[in-house]
Amino acid sequence: MKIILDKQQLHLTISRLAHQLLENHLNLNDVVFIGLQPRGIRVSNMVIENIRNLYPAEKVQYGLLDITFYRDDIRDELHVANKTEIPFSIEGKKVILIDDVLYTGRTIRAALDALQDFGRPQKVELCVLVDRRFNRELPIQPDYCGKAIDTVISQKVKVEWEREEVVLY
């Protein structure tokens, strides 16, 4: 076990991601943020909290997307759906997907499929806390990345929210 981000580094990284998002999107009127269920919710909540603290007068459109039934890589187990909450249109908007760890790219592919049910965005960007760079199965790359790491397939990266750290097993 190796700690990739300790508590202080985790909070700094999330703050940096929020700042990078705001640098590239000065006007939030045409931007929507969507956290991916289930594991991307904690990190997306923290990023959005940072953005709202930095721009308290701005209206931040934030939703949650469940991709359970859009996945193509988990077929033999019982699926328990999470909640999708997107109380706004994404038609013609810049959508920023937020997730915890980018690994094979299959979660993001499923999210892109699920998004189509809510409209056609102008652009979709990806913000992840950790990018496992060399294990991709699909040509998907993050636009915003907190920490890029090199791993082998046998290793696991887990965001331990109780201890507020990112660990490599």
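Tabulated values for the structure
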quantity	calculated
Kyte-Doolittle at least -1.0, axis length at least 24 Å by Cα - qualifying DSSP helices, the chain	7-24
Prolate/oblate/rounded call for the chain, Cα gyration tensor, a/c under 1.5 rounded	oblate
Cα centroid separation, the range 27-53 to the range 121-169 (Å)	16
Filtered GluC sites (Glu not before Pro), the range 108-168: DSSP coil and at most 10 other beta carbons within 10 Å	Glu162
Residues of type lysines that Lys123 reaches as a straight line, Cα spacing below 25 Å, ignoring anything fewer than 8 places off in the same chain	Lys59, Lys83, Lys93, Lys94, Lys147
Within the range 83-136, trypsin sites (Lys or Arg not before Pro) in DSSP loop having at most 16 other beta-carbon neighbours inside 10 Å	Lys83, Arg136
Potential lengthening between Thr104 and Trp161 on full extension [0.36 nm per residue; Cα-Cα distance subtracted]	18.3 nm
Tyr169 versus Leu22: modelled label distance in nm, points set 7 Å from Cα along the beta carbon direction	3.6
Mean residue ellipticity (222 nm) of the chain, computed from DSSP H runs ≥ 4 via -39,500 (n - 2.57), nearest 500	-8000 deg cm²/dmol
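Every number here is computed from the coordinates shown, using simple stated rules; none is lab data. A quick note: this is a predicted structure, and the numbers were derived from the prediction, not measured. Cβ atoms come from the backbone with ideal geometry, glycine included; neighbour counts cover every protein chain shown.
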